[in-house]
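The structure under discussion appears below in the form of structure tokens.
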Amino acid sequence: MRFRLLSDEELKHLEAEFKQFLIVNQIHSDEWLKLNNSEPEKVLMLVELFSDTVLLKVYEKIQFLEFRSPSLFSVYKISEENIQAIHLKTENDSISLVDDNNLKTAIRNNLSELTLFKAEKNVNPFKEDEIHQLILQGCIVSNEFVWSQMASMSAST
């Protein structure tokens, strides 16, 4: 398995796509029911393959991720070749970077308490695997606007 199993809830939302996946793999509803009862390891293998297929398609589309904690805000711009990151960090426990309001307040009122730094690394070996690892570490999908805001802030400091 390359990524992870989709949750039951995720699979429920993708029921039609899973049925199509089974049909493409020449497994129809009667055969699926028989497999569930007689070959659970094959069923698991098919669910793993479907999960990897879905996640690969999702990860292929992701261009920006972000990570938030009370002391760290990071935004990532991801291409096929590299991952660029902009990090905003504080050592002051009374400052929180965990949500938009706290982040704006920290930038507006406590800029001297924040450290901004950039990083870049080459993708190795596949963008989708790097995205998966970042998501496992707590990143969520972000957007170009957030990246642009942080990039303009880093350019002016």
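Beta carbons closer than 7 Å, at least 6 apart along the sequence or on distinct chains, pair a first residue in the stretch 128-157 that is more than 9 Å from Leu65 (Cα to Cα) with a second that is part of a helix (DSSP H, G or I) for Glu128/Leu56; Glu128/Tyr59; Glu128/Glu60; His132/Tyr59. Scanning the stretch 68-82 for residues that are among the hydrophobic types (A, V, I, L, M, F, W, C) and either more than 22 Å from Arg4 (Cβ to Cβ) or not assigned by TED's automatic domain parsing to the domain that holds Ser94 (or both), we see that the one that is surrounded by the most Cβ atoms within 10 Å (Cβ to Cβ) is Phe73.
Name every residue in the stretch 1-58 that is assigned to a loop (DSSP other than H, G, I, E, B) and among the β-branched types (Val, Ile, Thr), in order of residue number. It would help to see each step written out before you state the result.
So the first thing to find is which residues in the stretch 1-58 are assigned to a loop (DSSP other than H, G, I, E, B), and the list is 1-7, 14, 25-28, 39.
Residue satisfying the conditions is Ile27 alone.
Farther than 30 Å from Ser154 by Cβ, in contact with a helix residue (DSSP H, G or I) (Cβ under 9 Å, 6 or more places away or on another chain) and of a type in the set (Asp, Glu), is that true of Glu66?
Working: farther than 30 Å from Ser154 by Cβ: no; in contact with a helix residue (DSSP H, G or I) (Cβ under 9 Å, 6 or more places away or on another chain): yes; of a type in the set (Asp, Glu): yes.
When the stated conditions are applied, Glu66 does not pass them.
Any residue that is under 30 Å from Ser152 (Cβ atoms) and either out of contact with any Pro (no Cβ under 7 Å at 6 or more places or on another chain) or exposed (fewer than 12 other Cβ atoms within 10 Å of the Cβ) (or both) - is there at least one of those in the stretch 43-58? Yes: the stretch 43-58 contains one or more residues that are under 30 Å from Ser152 (Cβ atoms) and either out of contact with any Pro (no Cβ under 7 Å at 6 or more places or on another chain) or exposed (fewer than 12 other Cβ atoms within 10 Å of the Cβ) (or both). Would you say Lys104 is at pLDDT 95 or above and basic (Lys, Arg)? So Lys104 fails the test. Total residues in the stretch 102-157 satisfying the condition of being exposed (fewer than 13 other Cβ atoms within 10 Å of the Cβ), assigned to a helix (DSSP H, G or I) and hydrophobic (A, V, I, L, M, F, W, C): the figure is 4.
The values are calculated or read from the model by the stated rules, or taken from the named source; none is laboratory data. Because the structure is predicted, anything quoted here is derived from the model rather than measured. Note that we place each Cβ from the backbone using ideal geometry, even for glycine, and neighbour counts take in every protein chain shown.
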